[in-house]
Amino acid sequence: MSLSRFFILYVLHLQPLHGYEITKHIAELTNGCCAPTEGSLYPVLREFKEAGLVNLLTQIVCGRERKVYTLTPKGEKSLDVASQAWCEVADLLKMPKTTA
C-alpha cells in the first residue's frame, strides 16, 4: 500500500471526513509531504469504497451536498496490516550511526 493510501485510511480512522478535510489533515500530519491532490484522492476513495474499506454518507451543509467518508471494520483491518508493514519498512530505513 502506498504511503498516501495509508495516510488516507489513517485520518479516516481518526474521524469521518470529507475530501478536502482528508487532504488538509494529511498535509498537517505529514508537514505537506504526502498530501494527495484532488485528482489522486477521489479515485482512491472510490476504490476504497468499492473494496468495502470506506462508507460514504451524503450530508447537506448550507444547501450543498458533502460526501463524508468513514472507515469500515474491513478498512480498520486493512489499516492495521498496512501499519505493521510500514513500521517494518521504517525500521529498515533507520540509518546506523557512524563514528567519525
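Every read-out reported here was derived from the displayed coordinates using simple, explicitly stated rules and does not represent laboratory data. No experiment lies behind these values; they were computed from the predicted model shown. Cβ atoms come from the backbone with ideal geometry, glycine included; neighbour counts cover every protein chain shown.
Quick rundown of the values:
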quantity	calculated
The chain, dipole about Cα centre (Lys/Arg Cβ +1, Asp/Glu Cβ -1), debye to the nearest 20	100
Residue of LEU14, LEU53, LEU41 that the Gaussian network model of the chain assigns the largest fluctuation, springs spanning Cα pairs under 10 Å	LEU14
VAL54 long-range amide H proximity, modeled H, under 5 Å	LYS49, THR72
Candidate values (1) 14.6; (2) 13.2; (3) 13.7, label of the one derived for Kirkwood radius over Cα pairs in Å	(1)
Karplus (6.51, -1.76, 1.60) ³J(HN,Hα), θ = phi - 60°, over region 43-53, in Hz, Gly and Pro reported as x	x, 5, 4, 4, 4, 4, 5, 5, 7, x, 8
MRE, 222 nm, helices only [DSSP H, n ≥ 4, -39500 (n - 2.57), over the chain, to nearest 500]	-18500 deg cm²/dmol
